[in-house]
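Shown next, in structure tokens, is the structure this report addresses.
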Protein chains: 2
Amino acid sequence: MPKLEICLSPELIQLYELKGKNVVVVDILRATSCMVTAFAYGIKNIIPVAKVEECKVLQAQGMLAAAERDGAKVAGFDLDNSPYSYMHDFIKGSTIAVTTTNGTQAIVKSKQADQIIIGAFLNISTVAAHLLASKKDVIIVCAGWKGNFNLEDTLFAGALAYQLKSTFETTQDSTIMALAMYESNQSDLLAFVNQSQHVRRLANLDIHKDIAFCLQCDVYNSLPVFSLDRLVAGN
Amino acid sequence: MPKLEICLSPELIQLYELKGKNVVVVDILRATSCMVTAFAYGIKNIIPVAKVEECKVLQAQGMLAAAERDGAKVAGFDLDNSPYSYMHDFIKGSTIAVTTTNGTQAIVKSKQADQIIIGAFLNISTVAAHLLASKKDVIIVCAGWKGNFNLEDTLFAGALAYQLKSTFETTQDSTIMALAMYESNQSDLLAFVNQSQHVRRLANLDIHKDIAFCLQCDVYNSLPVFSLDRLVAGN
């Protein structure tokens, strides 16, 4: 039986052996929700970079670029960190450079994995089906907030573990915790996430429409995966 | 209102500002449960050290010494990592050097705190009363298992937060999670902890009697606190 483990923060990633495994990176609010949306709208590539400066260099070379820090768009960039930014025709066939506070850092730290898959509630069943077909051990890497544990990414990890628990071993303590969190709150994910530090922190940035959108399951069947230096469509 | 935060693993401690705060270190199975028991039996000092070799040096100088690695007593030491080891008359007035896989490491990493307090279910209300009287911000540091999140220390953190939540701000995501974990399982802590990796890992070491003992609330009113290089009675 393959194993499913949950890494609660990128700061704990050194405790996990990533080689030979599928890693699912999740940053529900909002990096991976944006990526899943962008691929649903036909984007060709997303290049995740760790630093705002790298993102600026790619923009200067003519690429579309999106940079977020502390929940807000960085001045001078083309797109912000809302899934609604990606619901446009100009996305189709384009390549976009992206840097975010947490999500892109988690991708960069997961590069030793066999495959990195981008997960969100928006594509959760597509991710689960892919992992079931692959049969490899899985590590879900929660992007968290600046290294800290967060509720929304852990809730997603629990939801994904819930879909996989009859086929994967899910006996690690963090998985037991995340499964229980999901099972207690599955009837109203939004009410649960509304308690979170993230939502309170960003209340003044008027992102409630985004949050409600990001907590919907299976809106899209896109499957972004990391290949060489960029995200591409995995299905 | 003072703040209460929960650090889920010593590997995340660099994300917290410890200066000026009370830190509660918890390693339910079994380091801090042993320490609380030892002070209830009149021990004078416990010297926590990070390495087995340091512990051996202190033993060679004539001190009693206890060393645990991977849940088992290290050969050649006087005491093991069971609270029952400390329920003896010879404990009274003695000084013991101790090293454990997780608990003593968490103490060593918390030295920047204003005060380090040793917490366990065995003395939980005594710890809560001390924190209430002190009114300083609190960080509960879960010792975890080799850097990983664990259920039993998080459950204790939730139980302590539950006792303090009307007086302390408990809105950090890890605190919300731990509070919910405790509230869902408070009627049967033992059944919950029996699912944990720790219990499964140590099943062959016959520690079920210890585990049941360590999950009892308020057996003792001892309050070990760290002073200079050692634990002393704080009340």
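FYI, it's all coordinate maths here, none of it is from the lab. Predicted model only: the values in this text are computed from it and were never measured. Using ideal geometry, Cβ is built from the backbone for each residue, glycine included, and neighbour counts are taken over all protein chains shown.
For an R0 of 41 angstrom, estimate the FRET efficiency from the Cβ-Cβ distance between B:ASP218 and A:ILE13 and round to the nearest 0.05.
0.60
Sort out for me the Cα centre separation of the range A:54-108 from the range A:135-150, rounded to whole Å.
Their Cα centres are 21 Å away from one another.
Name the long-range amide H neighbours of A:ALA65: under 5 Å, sequence gap of 5 or more, or other chain; modelled H, no Pro or chain starts.
Correct list: A:ASP78, A:LEU79, A:ALA97.
Using the basic label-point model (7 angstrom from Cα toward the beta carbon), what is the B:LYS44 to B:ALA75 distance in nanometres?
About 3.3 nm separates the two model spin labels.
Efficiency by 1/(1 + (r/R0)^6): what FRET value for A:SER187 and B:VAL57, r their Cβ-Cβ distance, R0 = 60 Å, to the nearest 0.05?
Calculated value: 0.55.
Kirkwood hydrodynamic radius, computed over distinct alpha-carbon pairs, for the range A:4-228: how many Å, to one decimal?
Taking the inverse mean of 1/r over all distinct Cα pairs, the range A:4-228 comes out at 17.2 Å.
Enumerate the amide H contacts of A:GLY71 below 5 Å, restricted to partners 5 or more residues apart or on another chain; note that Pro and chain-start residues carry no placed amide H.
Amide H to amide H, under 5 Å and 5 or more residues apart or across chains, A:GLY71 pairs with A:THR101.
Subtracting the Cα-Cα distance from 0.36 nm times the residue separation, let me have the gained length for B:ARG201 to B:LYS165 in nm, one decimal.
Length difference between fully extended and current span is 9.7 nm.
Using the 7 Å Cα-to-Cβ label point, sort the distances from A:ASP70 to its equivalents in the other copies shortest first and give them in nm to one decimal.
Result for A:ASP70, in nm, nearest copy first: 4.7.
Put a label point 7 Å from Cα along the Cβ direction on B:GLY42, then list its distances to the equivalent points in the other copies in nm, shortest first.
Taking the point 7 Å beyond Cα along Cα→Cβ, the inter-copy spacings are 8.4 nm.
If you take the C-alpha gyration tensor of the range A:125-229, multiply each eigenvalue by 5 and take the square root, what semi-axes do you get, largest first, in whole Å?
24, 17, 14
Convex hull over the Cα atoms of the protein assembly as shown, averaged projected area in nm²?
That works out to 22.6 nm².
Grab the DSSP H runs of chain B that are 4 residues or longer, score each as -39,500 (n - 2.57), total them, divide by all residues and round the 222 nm result to the nearest 500 deg cm²/dmol.
Result for chain B, helices only: -9500 deg cm²/dmol.
Relative contact order of the range B:4-226, please, whole-number percent, based on alpha carbon pairs below 8 angstrom and at least 6 residues apart.
Value for the range B:4-226: 34 percent.
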